[in-house]
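K.L.:
So that we are looking at the same thing, I have put the structure below in structure tokens.
Each reported figure results from applying straightforward, stated rules to the coordinates on display, with no laboratory input. The shown structure was predicted, so the numbers you read here are calculated from the model rather than taken from an experiment. Cβ: placed from backbone, ideal geometry, glycine included. Neighbour counts: every protein chain shown.
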Amino acid sequence: MNKPSASMQHPDHRELLPLSPRHLDSSLDPLGRLPLPSTGDPPTGERPNKTAADYRALWKTAIRQQILLLRMEKENQRLEEASRDELHIRKMKLNYQEVGQCSKDEQAFWERKLTAPGRTTVPQDKEEMYRALCQGVPKSRRGEVWLLLSHQHRLRHRLPQRHHAPDTAYHDLLKQLTAQQHAILVDLGRTFPTHQYFSAQLGAGQLSLYNLLKAYSLLDTEVGYCQGISFVAGVLLLHMSEEQAFDMLKFLMYDLGIRRQFRPDMVSLQVQMYQLSRLLHDYHRELYNHFEEHEICPSLYAAPWFLTLFASQFPLNFVSRIFDFVFAQGTEVIFKVALCLLSSHEGEIVECDSFESIVDFLKTTLPTLTQTQMEQTIAKVMEMDISKQLHTYEVEYHVLQDEMIEAGPLPDDSDRLDKLEKTNTQLKKQNMDLLEKLQAARQKIQTLETSVENFLSRESKMKHMIRSLEQERATHQKTIERMRTCLPSDTLTDVEMTQIKTGPNGKAKTAAKKP
């Protein structure tokens, strides 16, 4: 040890760690507390004299204990710092106001449920948990509640083996490379750009989000990575760790079937848009007619709602409350929320009298909900039950699709379709050519702009130089005038009579008339 330990320096610890075993009083034992027996004591009570090796061993033991104490102190400091950082990050993640207040009774209920033995293996009372969910969920335990709801769903609904997610460990996926890396990196800055946890470029939030999206793109090769998944993953990361978020993302995508709307054919998303349109037709006819009049289909405004579970446009506290019900009831909740939002703003939407104004209202004005509007919307969602209607509309959609396929194109239309396909191919080729020309033109424009900037810079420098020379010339003229005023009259006459003659060789010759 380069420096003496604190116990050596402090005088109060000399009894525990003496400066030298040889300095001990002969009447004390090696710990310096008990008197040694006298020579008159019986032989049975005598203690053997300590040798140098014994004292050396005691010395080594004391040093080891002191080193161990120092290491324990450093480890405790490190754990305290890590705990403070974790609390700070957790506070940063959950920096949003709750939609509705969770009472102490409900908090105690969730505490019991989250600590009950067998909560992941024994089915719980579904109705009781749903009633508690309607009353509220403490945001500090929201991630654990989602995990509990997912476990309960898996106990009641067993997926067929062919629909299960591949059983690959999260850390094994992180060691691999993904072909979706560029798309994921581009979307990192677009995912919750105003949230403090995700706003720092390649900070802790963005790195966790990248890991999660990369792992899922490798797990689900059919879907890979699609825009929209990042917002769902971001909401999960704000409430739980990376591995837990990965498990919950698999639950949402596979167990609840959300991955179907991200598949390349996007048939599931088309079905959902049809179902929403039919709900508007049956329950809000005036709003439906207004949309039809201005040729506004649900995919123009509702597709981001379904793909991101409202996370891309709506406040985080509202989105977190929606996630509560999605984990409990599945994707039916998305239709409920969409229908409640549209119906509560029906009057304002009908007042918009153009395509642009309607779309702008739905994309910018509608998501800016007040706290009261959020609570009212969630209250309406709790009361709604549209599962039968959704099932009917889905069957209806597939029947209509089958009829269209069976009917096939009309004979007169086959030639027209072939021509349209050829025209489309030609237009695509022309489009690619125009894109290449446009790219070349942009490069040329960029080069010309650079040249113009250089010329302007040179011009500015020349103007500055000219101004400097003019100022210098004016200064010299003033100096000459002052010198003329100082010269005698006869000398001034001689200076004025001085002539400069230029010879044939281009050199100047000065001829002065002598007095």
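K.L.:
I need the peptides 291-298, 448-455 ranked by packing, meaning the mean over residues of other C-beta atoms within 10 angstrom, with the highest value on top.
P.N.:
Numbers: 291-298: 15.2, 448-455: 10.0.
Packing proxy ranking, top to bottom: 291-298, 448-455.
K.L.:
Evaluate the range 396-473: find the radius of gyration of its Cα atoms, find its Kirkwood radius, and give the ratio Rg to Rh. Write down the numbers at each step before the final one.
P.N.:
Numbers: Rg = 30.6 Å, Rh = 18.8 Å.
Result for the range 396-473 is an Rg/Rh of 1.62.
K.L.:
Could you give the distance between the Cα centres of the range 432-449 and the range 350-405, to the whole Å?
P.N.:
43 Å
K.L.:
A further question on this structure: Go through the range 63-74 residue by residue and turn each phi into a ³J(HN,Hα) via Karplus (6.51, -1.76, 1.60, θ = phi - 60°); whole Hz please, and just put x for glycine and proline.
P.N.:
Here the 3J(HN,Hα) series is 5, 4, 5, 5, 4, 4, 5, 4, 5, 5, 4, 5 Hz.
K.L.:
Here's a follow-up. Is the shape of the range 362-408 rounded, prolate or oblate, going by the alpha carbon gyration tensor and its root eigenvalues a ≥ b ≥ c, with a/c under 1.5 for rounded and a/b larger than b/c for prolate?
P.N.:
It is oblate, given that a/c is not under 1.5 and a/b is not larger than b/c.
K.L.:
May I ask you to evaluate 6.51 cos²θ - 1.76 cosθ + 1.60, the Karplus curve with θ = phi - 60°, for each residue of the range 101-108 and list the ³J(HN,Hα) values in order in whole Hz, giving x for glycine and proline?
P.N.:
Ordered by residue, 3J(HN,Hα) equals 9, 8, 5, 5, 5, 5, 4, 5 Hz.
K.L.:
Where the centroid of each part is defined by its Cα atoms, how far is the range 275-307 from the range 151-192 in Å?
P.N.:
32 Å
K.L.:
What ranking do 356-362, 232-238 get when scored by the average of other Cβ atoms within 10 Å per residue, highest first?
P.N.:
232-238, 356-362
K.L.:
Right, next: Cut-off under 17 Å on the C-alpha distance; same-chain residues fewer than 8 positions from Lys363 excluded. Which aspartates and glutamates are left, in chain and number order?
P.N.:
Glu295, Glu346, Glu348, Glu351, Asp353
K.L.:
Grab every C-alpha pair in the range 60-203, bin the distances at 10 angstrom width from 0 up to the longest one, and report whole percents.
P.N.:
That works out to 8, 20, 25, 28, 13, 5, 1, in percent per bin.
K.L.:
Considering only Cα-Cα distances, which of the following residue pairs are longer than 25 Å: Lys139/Lys380; Lys74/Lys175; Lys113/Lys139; Lys93/Lys126? Could you put the intermediate results ahead of the total?
P.N.:
On the way: Lys139/Lys380 21 Å; Lys74/Lys175 32 Å; Lys113/Lys139 15 Å; Lys93/Lys126 29 Å.
Too far apart for the 25 Å limit: Lys74/Lys175; Lys93/Lys126.
K.L.:
Starting from the Cα of Lys422, draw a straight line to each of the aspartates and glutamates and keep only those under 20 Å, dropping any in the same chain fewer than 8 residues away.
P.N.:
Correct list for Lys422: Asp412, Asp413, Asp433.
K.L.:
Let me ask another. Across the range 367-383, in residue order, what do the Karplus-derived ³J(HN,Hα) couplings come to in whole Hz, using 6.51 cos²θ - 1.76 cosθ + 1.60 with θ = phi - 60° and x for Gly and Pro?
P.N.:
x, 7, 8, 7, 4, 5, 5, 4, 5, 5, 5, 5, 5, 5, 4, 4, 7
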